[in-house]
Amino acid sequence: MADIDCAEEGIPILPDELARRITLQRAYGSKNVNFVTPTPHTHTILKILNTLKVNVPVVWNSNMYYSGEVAKLLEGVVDVYLGDLRYGNDECALKYSNAPNYWSIVTGNFKTAYKNGEILLRQLVLPNHIECCTRPIIEWTKQNIPMVRFNLMFQYSPYYRAYEFPEINRTLTERNARKRLIF
């Protein structure tokens, strides 16, 4: 699928125009439309999808940290949730991402998504967070949404404000990589 940049040369694209472009790409063989980091634009995305004249599978590429209201709006609209489950507890989520109530919000959204579409769950392994984050996420997934595609990712690199936290201000060690075999 060809990418459609929503702000080419700094000129906003109205929902009708983006729907026209998605329709055109579908005619050229695109398999789906993938909205990346879409939550802040939910209302606009729903307008775009409502304007489409063709049926096209919708991929919601998200961190899954959004309100219950957004989750309800997405029911019956999204076909595939490409979602991140980063932290296995609220303490790590608050410390590194300032995301209060992370665990209940994100796991609740994954449960809703599980009822309504296909899930591709991504878990980025963080240095020193296998026991507190990765292991609880794997266990929760097995117990609550077992029929998902689960991508355990070991390519963490420290960016943005990672330098503020020495325990994650590095890539994974060989020891971290070997631990993955235990799962």
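Here are a few things to note about the model shown:
- Counting the residues of segment 26-62 that are open to solvent by 50 Å² or more (accessible area, probe 1.4 Å) and more than 23 Å from Arg122 (Cα to Cα) gives 9.
- Residue that is farthest from Leu172 (Cα to Cα) [pool: residues in segment 146-161 that are touching a strand residue (DSSP E or B) at 6+ places or on another chain (Cβ under 8 Å) and open to solvent by 80 Å² or more (accessible area, probe 1.4 Å)]: Arg149
- Considering segment 126-140, and only residues there that are crowded, with 20+ Cβ neighbours inside 10 Å and within 17 Å of the chain's Cα centre (by Cα), the residue that is nearest to Asn89 (Cα to Cα) turns out to be Cys133.
- Enumeration of residues in segment 68-84 that are surrounded by 15 or more Cβ atoms within 10 Å (Cβ to Cβ) and over 16 Å from Thr37 (Cβ atoms): Ala71, Leu73, Val77, Asp79
- For segment 45-66, filtering for residues that are in contact (Cβ under 8 Å) with a residue 12 or more places away in the chain and either among the β-branched types (Val, Ile, Thr) or within 13 Å of Ala113 (Cα to Cα) (or both) leaves 13.
- Just so you know, in segment 153-182 the residues that are over 17 Å from Tyr87 (Cα atoms) and of a type in the set (A, V, I, L, M, F, W, C) include one that is modelled with the lowest pLDDT, and it is Leu181.
The values are calculated or read from the model by the stated rules, or taken from the named source; none is laboratory data. If you're wondering where the values come from, they're calculated on a predicted model, not measured in any experiment. Glycine gets a Cβ as well: all are built from the backbone with ideal geometry, and neighbour counts include every protein chain shown. SASA here: full protein model, heavy atoms, side chains in, ligands and nucleic acids out. Shrake-Rupley method; radii C 1.70, N 1.55, O 1.52, S 1.80 Å.
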